[in-house]
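Here's the structure, in structure tokens; my notes come after.
What follows is calculated from the coordinates using simple rules that are stated; it is not laboratory data. No experiment lies behind these values; they were computed from the predicted model shown. Cβ placement follows ideal geometry from the backbone for every residue including glycine, while neighbour counts extend to all protein chains displayed.
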Amino acid sequence: MVRGTRPVAEVPIDVPLVRRLISSQFPEWSGLAVRPVESAGLDNEIYRLGADLAVRLPRRRIGADQTEKEHHWLPVLAPQLPLAVPVPVGRGIPGEGYPWHWSVCPWLPGEVAALAPVADMRQAAMTLARFVRALQAIDPAGGPVSSFRGGTLADRDPVSRQSAGVLRDSLDVRPLLEIWDAAVAMPAWTGPPVWMHGDLHPANLLVSNGELAGVIDFGLLGVGDPACDLMVAWTYLSADARQVFRGELAVDGPTWARGRGWALHLGLMAAAYSADNPVLNEVGRYTIAEVLADVGRRH
């Protein structure tokens, strides 16, 4: 196996296409400048539209399958959340040779947390705990089930092992697989499903003026095991902030262990398949290191 790179776009997207789509479907914005934005994501392309808007277009079918979910649910969830989220203000449809639904959203201020440090990581942990708690408190009735997050860790076992195999030449993956096996062996969640972002890591968090200010990329949004969003404790937080986060949420032992498993799952994939994406690759490496150190401190 070899380390992978960003998947190739399944449809061509460029500035002229975005301009044509805006002109034909949202003529009120046709006079605004369009420019591409560097994105750490795998499934969508992002373009600035004037000063205050962003255009988000799926570049792969997997991203297209998530767009309608975001159109439907983000307006419902956003008013109940303590951080800004990108609620679509324009719902694009296929056209101009582009085959999928797409979005126009507000341009949220800030930089991704992977590139912009917060002033106080413990305060960031409390902010994240409030966000997760608020999201989980929203009525899950009718919420979608993600194919990739929120089920059992055992469902993700083949992907985790494949990712570990890709990394075998650069990492000692034996302790990682031991941690993974221990997480998979934890009792499954038997309570009601709760809302989860599904992909909480620092490339999907925004920092403004030294504080967490927003959460983006809800493509894996769904309802399921609350352990899934605990991944942010290892994908982003420091060791002491992680304990603040856990304390704020009052997480029990098995749920915490499953959360560490979800973090490791993401870390392995990000490290294995983001060779050409330095932001995601670093998220993966950091997560793996934090998981290993966290388990090491307990022994």
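Using helices alone, what [θ] at 222 nm do you get for the chain, with -39,500 (n - 2.57) per DSSP H run of 4 or more residues, divided over all residues and rounded to the nearest 500?
-13000 deg cm²/dmol
Ranking request for peptides 68-76, 186-194: highest mean number of other beta-carbon atoms within 10 Å first, then the rest in descending order. Show your work: numbers first, answer last.
Details: 68-76: 16.4, 186-194: 13.8.
Result, highest mean Cβ count within 10 Å first: 68-76, 186-194.
How tilted is helix 174-184 with respect to the longest principal axis of the chain? Cα atoms for both, answer in degrees (0 to 90, nearest 10).
80 degrees
Where the only charges are on Cβ atoms (+1 Lys, Arg; -1 Asp, Glu), what is the dipole of the chain about its Cα centre, to the nearest 20 debye?
The calculated dipole for the chain is roughly 160 debye.
Of the options 92, 214, 277, report the single residue whose Cα projects farthest towards the positive end of the charge dipole of the chain (beta-carbon charges: Lys, Arg +1; Asp, Glu -1).
277
Only Cα pairs under 8 Å and at least 6 apart count here; give the relative contact order of region 15-107 as a rounded whole percent.
Details: 144 pairs, mean separation 23.6, N = 93.
Relative contact order for region 15-107 comes out at 25 percent.
To the nearest 10 degrees, how steep is helix 157-167 against the longest Cα principal axis of the chain, on a 0 to 90 scale?
Taking the Cα atoms of the chain, the angle to 157-167 is about 90 degrees.
How do the peptides 230-236, 122-128 rank, highest first, by the average count of neighbouring beta carbon atoms within 10 Å per residue?
Ranked from most to least packed, the peptides come out as 230-236, 122-128.
Along Cα→Cβ, 7 Å out, is where each label goes; now give me the distance between the ones at residue 248 and residue 8 in nm to one decimal.
Those two pseudo-labels are separated by 4.4 nm.
Among 33, 163, 261, which residue has its Cα positioned farthest towards the positive end of the charge dipole of the chain, with +1 placed on the Cβ of Lys and Arg, -1 on the Cβ of Asp and Glu, and the dipole taken about the Cα centre?
In the chain, that residue is 163.
Quick check: the angle from helix 15-25's long axis to the longest principal axis of the chain, C-alpha only, nearest 10 degrees?
70 degrees
What list of ³J(HN,Hα) values in whole Hz, one per residue of region 268-276 in order, does the Karplus curve 6.51 cos²θ - 1.76 cosθ + 1.60 (θ = phi - 60°) give from phi, with Gly and Pro shown as x?
Result, rounded to whole Hz: 4, 5, 5, 6, 7, 10, 10, 4, 9.
Once you keep just the Cα pairs under 8 angstrom separated by 6 or more residues, what percentage relative contact order results for the chain?
20 percent
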